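Engineer: First the structure, then my questions, so here it is.
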Amino acid sequence: MALDVPALTALLDGEHAEVRDLVRTNLAAYSSVLEEAERLDTTAYRDRVRDLVVEMAGTGQTGMGFPQEYGGGGDIGASVAAFETLAYGDLSVLVKVGVQFGLFGGAILQLGTRRHHDAYLEDLVAGRLMGCFAMTETGHGSNVQALGTVARYDAATQEFVITTPDDSARKDYIGNAAEHGRLAVVFAQLEVGDRSEGVHAFVVPIRVDGQVAPGVRIEDDGRKMGLNGVDNGRIWFDHVRVPREALLDRFADVTPEGVYESSVDNPNRRFFTMLGTLVQGRVCVGGAGINAAKVALAIATKYAVRRRQFEATSDTEEELLLDYGLHQRRLLPLIARTYALHFAQDVVRTQLHDVFSGVREDEHHRRELEARAAGTKALGTWHATRTIQECREACGGAGYLAVNRFAALKADTDIFTTFEGDNHVLMQLVAKGLLTDYASEFEDLDQLGMVRFVTNLAVETVIERTSAHKLLERVRDLLPGGDQWDQEAGVLDSDYHLAMLRFREEHMLSGVARRLKRGIDQKVNPGKVFSHVQDHVVAAANAHVERLVLEAFVEKVRSMPEGDNRTALAQLCDLFALSTIEADRAWFMEHGRLTVVRSKSISREVGELCRAVRPIAVDLVDAWAVPVEMLRSPDLVG
Ligand SMILES: Cc1cc2nc3c(=O)[nH]c(=O)nc-3n(C[C@H](O)[C@H](O)[C@H](O)COP(=O)(O)OP(=O)(O)OC[C@H]3O[C@@H](n4cnc5c(N)ncnc54)[C@H](O)[C@@H]3O)c2cc1C
């Protein structure tokens, strides 16, 4: 088998090849930052990162998602692709770009209206106006609805008064806050008259002429585990007054006289609609995690075809690491999963583009996008953490030296599992979508509401929809063997793999629904019921997202023309599917879908596939086209 690597790169880069190449060129041009990150003190490193972000803004790569009239590129899909590619390089630069253009810029663009766009976007897109996205507080990160910061409307002066009532309501971990931010989009509880209208966003100056603004207090968060080129900080507001127009008013406004108005009546729905517009950040971080994993795998794979250790098959020469079955088992399924996640990310990026470009604007698609973005982000970032660790170990002691990249990769990507939504919290969001089938009530439901909804209304439909009986009917059309499909089908049949993952997903989901219903029928407190089944909920969400990931991979392979590239990706797809089933074989056996004999044959097949993929492993990682300057590791990659 001879892979056509440039053709594979073209397939992976897809419609965004041009912007990805622009980013690759920029990464190579500024590659010295990888070494500077180790050498400069915190202040100098932060300034260097800021300067690079501004320089990159000048090339257009960071503004792809903004309207052209403000100097942007007007292409949301391209902006995500650019961000993903940037993850090959220094991740402080990536995260600073994310804070400035994704979070700060995204909030102004999505939550603001024309007056905010005209006032800020041009300077923001050019990198002249740096800003923060100040949502999280020390007391509340995941539970944004419970934020403590208050924005009280003063009709006499037509201003909002922003206040931090206590230390638990101070803004915390806020990127761009400690040094570079001039403005902050501050999320606060809006109070008008004697009513609280829930969380809204306000544009608040935090620095004027380089000095911290009156009434604002800022503290540096100090050294972090990684990402030390980003200036994270804490912010307190002491009765800071901003004009009425500072409210980002796309979904709600306060009239000069002090009347609250919103196009969305239900407060819960309003809140989730507002947050939903910010989903792009989540899509970006998921894609960045997947690409950071590619850097680690590229280094470890290239090292494994150069590094020899112990004589094994020859008396005269030691064995290459990648010729050991164990090393293949450690790295090659991770390469397969990276490809799978890459294609799943393609799907979610396209969905994001379509929803936000007005191609598919309906509510159902929005909810589906939100759930899919949450799931892909969680799986992509967990994958990064796991893969980078495995690759570091696969490079032995050399993997521990900073020049070989793993120190920064590990430290900088670790937090990807937490910011832009904690992964475990996100997986519960995925399950919520599934259990309610993205019903129109979806956004109105808090956790307790969801339990009630599922138990009162949806449980029958969930169980009906996911009944093993129906699934078997569907499977029967695709696979031989009737009820014995899981015994009769070929182990390398993609329809078999899909049927297995669908069975697991549907079984888990209906199990969750039944358990929720049983708890409620027994009059147990709904919160307690949910808490007891939470591990099951997250497992169901994981099963769902893995099924989506496999589907994306299978569909991609099926769309390819015949040839060696297709054959290679088909093998890789089988490897992903079978290693995924293998990893959960206890569950499949517990639920009667895997005999001992077949389970063993799957493990054997995973080994076979690893051996088949071994000769093309380097081509597979080369196809990601990580610029050689980003790999560094002079002694590892040659
Ligand atoms: C480097 C860095 C940069 C950041 N940048 C920004 C920024 O620019 N702007 C901004 O607004 N924020 C930012 N954040 C904050 C980040 O988004 C939050 O840390 C994140 O949302 C998690 O919130 P938390 O820290 O309060 O964790 P918590 O919500 O307290 O979570 C702690 C643990 O509890 C678990 N948990 C929480 N709720 C549940 C539940 N219902 N069921 C089961 N388990 C649960 C979680 O899974 C997690 O493991 C940043 C953070 C860091 C570290």
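Each reported figure results from applying straightforward, stated rules to the coordinates on display, with no laboratory input. The structure presented is a predicted model; accordingly, all values stated were derived computationally and were not measured. Neighbour counts run over all protein chains shown; Cβ positions are idealised from the backbone, glycine included.
Engineer: Work the Kirkwood hydrodynamic radius out for the chain: mean of 1/r over every pair of different alpha-carbon atoms, inverted, in Å. Walk me through the intermediate numbers first.
Structural biologist: Working: mean 1/r = 0.0386 Å⁻¹.
For the chain, inverting the mean 1/r across all distinct Cα pairs yields 25.9 Å.
Engineer: Additional query: Beyond 29 Å between alpha-carbons counts as too far, so tell me which of K171/K377; K224/K294; K517/K556 fall in that bin. Spell out each step's value before the answer.
Structural biologist: Values: K171/K377 24 Å; K224/K294 24 Å; K517/K556 39 Å.
In this structure, K517/K556 exceed 29 Å between Cα atoms.
Engineer: Another question, then. Between E38 and E629, what's the calculated FRET efficiency when r is the beta-carbon distance and R0 is 22 Å? Round to 0.05. Numbers along the way, then the final one.
Structural biologist: On the way: r = 15 Å, r/R0 = 0.69.
E between E38 and E629, to the nearest 0.05, is 0.90.
Engineer: To the nearest Å, what is the center-to-center distance of segment 1-56 and segment 92-115, using C-alpha atoms only?
Structural biologist: 20
Engineer: Can you classify segment 194-331 as rounded, prolate or oblate using the Cα gyration tensor, where a ≥ b ≥ c are the square roots of its eigenvalues, rounded means a/c under 1.5, and otherwise it's prolate if a/b beats b/c and oblate if not? Mind showing how you got there, number by number?
Structural biologist: Numbers: a/c = 5.46, a/b = 2.54, b/c = 2.15.
Prolate.
Engineer: Roughly how many Å is it from the Cα centre of segment 346-418 to that of segment 569-638, as a whole number?
Structural biologist: Their Cα centres are 19 Å away from one another.
Engineer: How do the peptides 296-304, 605-613, 260-268 rank, highest first, by the average count of neighbouring beta carbon atoms within 10 Å per residue? Please list the in-between numbers first.
Structural biologist: Numbers: 296-304: 26.3, 605-613: 19.2, 260-268: 13.3.
Descending packing order for the listed peptides: 296-304, 605-613, 260-268.
Engineer: Which residues among segment 66-88 fall inside the zone where the amide N is under 16 Å from a point 7 Å beyond the Cα of A126, along Cα→Cβ?
Structural biologist: 67-73
Engineer: How much net charge surrounds F160 when only the other residues with a Cβ under 13 Å from the Cβ of F160 are counted, with Lys and Arg +1 and Asp and Glu -1? Could you put the intermediate results ahead of the total?
Structural biologist: Numbers: positive: R152, R241, R244; negative: D154, E159, E191, E197, E245, D249, D253.
Value of the local net charge: -4.
Engineer: To the nearest 10 degrees, how steep is helix 526-559 against the longest Cα principal axis of the chain, on a 0 to 90 scale?
Structural biologist: In the chain, helix 526-559 runs at an angle near 60 degrees to the longest axis.
Engineer: If you count the DSSP beta bridges with both ends in the chain, what percent of them are antiparallel, to the nearest 5? Please list the in-between numbers first.
Structural biologist: Values: 34 of 41 bridges.
Counting DSSP beta bridges with both partners in the chain, the antiparallel share is about 85 percent.
Engineer: While we're looking at this one, here's another question. In the P(r) worked out for segment 43-112, what percent of Cα pairs fall beyond 17 Å?
Structural biologist: Values: 924 of 2415 pairs.
Distances greater than 17 Å cover 38 percent of the Cα pairs.
Engineer: Another question, then. How compact and how long is segment 307-366, expressed as Rg and Dmax of its alpha-carbon atoms in Å?
Structural biologist: Using the Cα atoms of segment 307-366, the pair Rg, Dmax is 21.9, 67 Å.
Engineer: OK, next. Peptides 532-542, 229-239, 74-84: what's the order by average Cβ count within 10 Å, highest mean first? Walk me through the numbers on the way to the answer.
Structural biologist: Numbers: 532-542: 20.2, 229-239: 22.7, 74-84: 24.7.
Most protected by this proxy first, the peptides run 74-84, 229-239, 532-542.
Engineer: With a sphere of radius 10 Å drawn around the Cβ of G215, what net charge do the other residues whose Cβ falls strictly inside it have (Lys, Arg +1; Asp, Glu -1)? Could the numbers behind the result be given before it?
Structural biologist: Values: positive: R217, R241; negative: D238.
So the surrounding residues net to +1.
Engineer: A further question on this structure: Ranked highest first by the average count of other Cβ atoms within 10 Å around their residues, in what order do 279-286, 319-326, 378-385, 625-632 fall?
Structural biologist: On the way: 279-286: 27.8, 319-326: 16.5, 378-385: 25.6, 625-632: 19.1.
Output ranking for 279-286, 319-326, 378-385, 625-632: 279-286, 378-385, 625-632, 319-326.
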